[in-house]
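K.L.:
Could you have a look at this structure, given as structure tokens, before my questions?
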Amino acid sequence: MSGCRVCGGEVREFVDLGRQPLANGFLTRDELDREFFYRLAVGICLSCTMVQLVEEVPRHLRYHDAYPYHTSGTAQMRSHFEEDAQLFLATELAGPDPFFVEIGCNDGALLSPIADAGVRHLGVEPSGTVADMARGKGIRVLGDFFEEGTAEAIRASDGPADVIFGANTICHLAAVESLFAGVDALLRPGGVFVFEEPYLGAILDHTSFDQIYDEHFYFFAVRSVQAMAERFGFELVNVEHLTVHGGEIRYTLARSGQRRPTPEVDEVLAAEKARGLADLETLDRFASAIQHIRYDLVELLTRLRAQGRRVVGYGAPGKSTTLINYCGIGPDLLPFICDSTPSKQGRLAPGSHIPVRPPAEFSARYPDYAVLFAWNYADEIIAKEDGFRAAGGQWILYVPEVHIV
Ligand code: DWN
Ligand code: SAH
Ligand code: ZN
């Protein structure tokens, strides 16, 4: 295989999830004969330790006008980004006439309070429908991919940025050289580049292998992000653990020598070393835990079907595409999946072609069991759907292992 996308080093593959469709490629019936597949496998760079996909899906196939994910669709993410915005407004954006740039602003969950505060801002968002939703909230959006060229154009029209931010987006950008060249062109000398992304350590802790799909090209850890930053003239100056999306880290980068790193950077680095996060044995253990989950889940669903129990899926996140296709689950085991996102409803789930329906179909006739694909919102969903358990229904979770609650 080809080398590491960050440093060119040798990449050792440790997980192969087979042929997979686009995680967010929800289809109409007439699109069925044109479905795109690729090989989903993950490796670690033996030189810089960056964990990454071995095959990149071209970005225009991943992000386009039909991209169906809406950040503001869940209460948890709305309030998370509202808090982020208030944090930035009180700190990095407290000076005179600050300028804030968000890479991958989606429907504007974070930029909305920043715009409301009257702060100069720009979202960079290539997926047209979500970009328009953000514009509808009074947010300035550039409908394009962030890369060196777009960053230079922003710098020329708007001047330097105090903060460049990305959430669940920076790990999607395979071309890190262009990303960092863009950040270098746009960020003011003392500014910060901040991003929040799923943490490799959390993915291993919970065996949440469903976080692996076409969009998540990199699986960041403190050591690999520190090495990447240094390679491009930046320094990792702070790390903070976040609970959203099953466990993330917020990384703060500054230009080398501009800010003193906080003790947390060395603390988390030491913790990663102590647990052997980048060791091949650790990654091989993860790979075998994945196989156990597949065995247990397929066995459970097959047994429930034999017993005549009705089982449906709850939530159709991008993550569910990996789980469903790796386990070979089809409409025979799960007749439908309900999801609150209008742009997914009425379509077929990628690969499995299980129909996606509105949550009203769930409550209209409760099944005996529901597989909770949106497990990162378990508390919110189980509380909201209390009628399901009151009617005798049971939730099936598969993170960190298959269990019924
Ligand atoms: O990184 C990414 C993150 C930010 O968003 C992208 N690559 C794609 C996407 O990942 P995801 O699809 O795994 O995200 P979520 O937020 O875990 O998706 C949850 C899904 O569950 C959504 O489709 C909405 C749905 N849902 C629901 O139907 N009822 C969620 C809740 C809370 C509900 O009550
Ligand atoms: N930040 C939001 C959205 C994450 S989904 C959140 O945390 O919920 C990833 C988003 O990044 C999508 O909206 C996608 O269109 C956008 N994106 C992908 N590549 C990009 C790029 N090169 N520049 C800017 N946005 C990009
Ligand atoms: Zn490398």
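K.L.:
Taking the criterion of being open to solvent by less than 10 Å² (accessible area, probe 1.4 Å), more than 26 Å from Gly25 (Cα to Cα), without any contact (Cβ under 8 Å) to a residue 40 or more places away in the chain and not charged (D, E, K, R), would at least one residue in the stretch 330-342 satisfy it?
P.N.:
No, because not a single residue in the stretch 330-342 is open to solvent by less than 10 Å² (accessible area, probe 1.4 Å), more than 26 Å from Gly25 (Cα to Cα), without any contact (Cβ under 8 Å) to a residue 40 or more places away in the chain and not charged (D, E, K, R).
K.L.:
Within the stretch 135-149, does at least one residue satisfy the condition of being touching a helix residue (DSSP H, G or I) at 6+ places or on another chain (Cβ under 8 Å) and within 16 Å of ligand 1 (Cβ to nearest atom)?
P.N.:
Taking every residue of the stretch 135-149 in turn, at least one turns out to be touching a helix residue (DSSP H, G or I) at 6+ places or on another chain (Cβ under 8 Å) and within 16 Å of ligand 1 (Cβ to nearest atom).
K.L.:
Okay, next question. Inside the stretch 68-106, can you point out the residues that are among the β-branched types (Val, Ile, Thr) and surrounded by 14 or more Cβ atoms within 10 Å (Cβ to Cβ)?
P.N.:
Of everything in the stretch 68-106, those that are among the β-branched types (Val, Ile, Thr) and surrounded by 14 or more Cβ atoms within 10 Å (Cβ to Cβ) turn out to be Thr71, Thr74, Val101, Ile103.
K.L.:
A follow-up question, please. Here is a list of conditions, (1) closer than 26 Å to Ala85 by Cβ; (2) part of a strand (DSSP E or B); (3) of a type outside the set (S, T, N, Q), and Phe219 meets all of them except one; can you say which number that is?
P.N.:
So Phe219 meets the others, but not (1).
K.L.:
What about Ala202, is it closer than 30 Å to Val371 by Cβ, in a helix (DSSP H, G or I) and either among the small types (Gly, Ala, Ser) or open to solvent by less than 10 Å² (accessible area, probe 1.4 Å) (or both)?
P.N.:
Criteria met by Ala202.
K.L.:
Looking at Asp65, Asp16, can you tell me which residue is away from ligand 3 (no atom under 16 Å from the Cβ), assigned to a loop (DSSP other than H, G, I, E, B) and surrounded by fewer than 19 Cβ atoms within 10 Å (Cβ to Cβ)?
P.N.:
Asp65
K.L.:
Report, by residue number, each residue of the stretch 221-249 that is out of contact with any His (no Cβ under 8 Å at 6 or more places or on another chain), touching a residue at least 40 places away in the same chain (Cβ under 8 Å) and not aliphatic (A, V, I, L, M).
P.N.:
Within the stretch 221-249, Arg223, Ser224, Gln226, Arg231, Phe232, Gly233, Phe234, His241, His245 qualify.
K.L.:
Residues in the stretch 375-384: is at least one touching a residue at least 12 places away in the same chain (Cβ under 8 Å), in a loop (DSSP other than H, G, I, E, B), closer than 25 Å to Leu348 by Cα and open to solvent by less than 20 Å² (accessible area, probe 1.4 Å)?
P.N.:
no
The values are calculated or read from the model by the stated rules, or taken from the named source; none is laboratory data. These numbers come from a predicted model, not from an experiment. Don't worry about glycine lacking a Cβ; one is built from the backbone with ideal geometry, like all the others, and counts go over all protein chains shown. We work out accessible area using only protein heavy atoms, side chains counted, and drop any ligands, DNA or RNA first. Shrake-Rupley method; radii C 1.70, N 1.55, O 1.52, S 1.80 Å.
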